[in-house]
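Step one of this worksheet: look at the structure below.
No value in this document is a laboratory result; all are computed from the given coordinates. The structure presented is a predicted model; accordingly, all values stated were derived computationally and were not measured.
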Amino acid sequence: MLKLAILGFLRDHPLHGYDLKSRIAALTGHVKPIADGTLYPAIKRLENAALLTRRSAPGKIAAPRHMLELTQDGIDFLRRLLRDPDELFITDENRWFTLLAFLRHLENPREQAIVLRRRLAFLSDPVSYFYDAHGRPMAADEFEDPFRQGLLTITNAANRAEFRWLHTTIGELDRH
């Protein structure tokens, strides 16, 4: 998820490490705050793999800033990540949102629609957080517990909204 976020934000435009960290925190920080000890080694690995470069730029006040930008190999690698995301990026909501934030960088509407169809297929399987003794998914109205009712009610509402959005967006992408 971190690699995708780094590459995606740098595909938007070159950034200083601190700015990159702030943007990643805004996108994913509520899930897992990004520490310098995680971010900067990841940036270094991407740099060593020739997926991004650093260049010096004048600082706002004094010292020069190291701007990070994608190489063509980095752009190509990002497209591969977006075109064929690991299954966890389809099934895990936090990873899905990170993928969705940068899916526009996969510029082919047909390829974008393929990724969205994978998410739609995943959401089409009946699922619950709770199952009865026979393995049947339980619905919100089967609980007296208002917290489990709330969890399932909120999840179902979000899923319905996502279904509508997926169907609409896939239809628009198919027309291109």
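In whole Hz, with x marking every Gly and Pro, tabulate ³J(HN,Hα) for segment 162-174 from phi via Karplus 6.51 cos²θ - 1.76 cosθ + 1.60, θ = phi - 60°.
5, 4, 4, 4, 4, 4, 4, 5, 4, x, 5, 5, 5
Helix-only mean residue ellipticity at 222 nm, the chain, DSSP H runs n ≥ 4 weighted -39,500 (n - 2.57), per residue, nearest 500. What is it?
On the way: 8 runs with 108 residues, N = 176.
My calculation for the chain gives -19500 deg cm²/dmol from helical runs alone.
Using the Kirkwood radius built from alpha carbon pairs, what does the Stokes-Einstein equation give as D for segment 1-56 at 4 °C and 1.567 mPa s, in µm² per second?
114 µm²/s
Starting from the Kirkwood Rh over alpha-carbon pairs, what translational D in µm² s⁻¹ does segment 64-127 have by Stokes-Einstein at 10 °C and 1.306 mPa s? It would help to have the intermediate numbers written out before the result.
Working: Rh = 12.9 Å.
Rounded, D is 123 µm²/s.
Output ³J(HN,Hα) for segment 137-148: one whole-Hz value per residue in order, computed from phi by the Karplus curve 6.51 cos²θ - 1.76 cosθ + 1.60 with θ = phi - 60°, and x for Gly and Pro.
Running phi through 6.51 cos²θ - 1.76 cosθ + 1.60 with θ = phi - 60° gives x, 9, 9, 4, 6, 8, 10, 8, 5, x, 6, 5 Hz.
Could you check which residue among GLU142, GLU162, GLU47 shows the biggest mean-square fluctuation in a GNM of the chain with a 10 Å Cα cutoff?
GLU142
With θ set to phi - 60°, apply the Karplus curve 6.51 cos²θ - 1.76 cosθ + 1.60 along segment 11-20 and write out the HN-Hα couplings as whole Hz, x wherever there is a Gly or Pro.
5, 4, 4, x, 9, 6, x, 5, 5, 4
Would you mind telling me which residue in ALA63, ALA49, ALA101 has the biggest mean-square fluctuation in a Gaussian network model of the chain, where springs connect alpha carbons within a distance under 10 angstrom?
Highest fluctuation of the listed residues: ALA63.
Taking just the C-alpha trace of segment 1-138, give me its Rg and Dmax in Å.
Rg, Dmax (Cα atoms, Å): 17.9, 67.
State, as an integer percentage, the relative contact order of the chain based on alpha-carbon contacts under 8 Å between residues 6 or more apart.
Averaging sequence separation for qualifying contacts and normalising by length gives 19 percent for the chain.
Can you give me the angle between helix 72-83 and the longest principal axis of the chain, using Cα atoms only, in degrees from 0 to 90, rounded to the nearest 10?
Around 0 degrees separate the two axes.
Quick check: the angle from helix 36-48's long axis to the longest principal axis of the chain, C-alpha only, nearest 10 degrees?
So the inclination is approximately 70 degrees.
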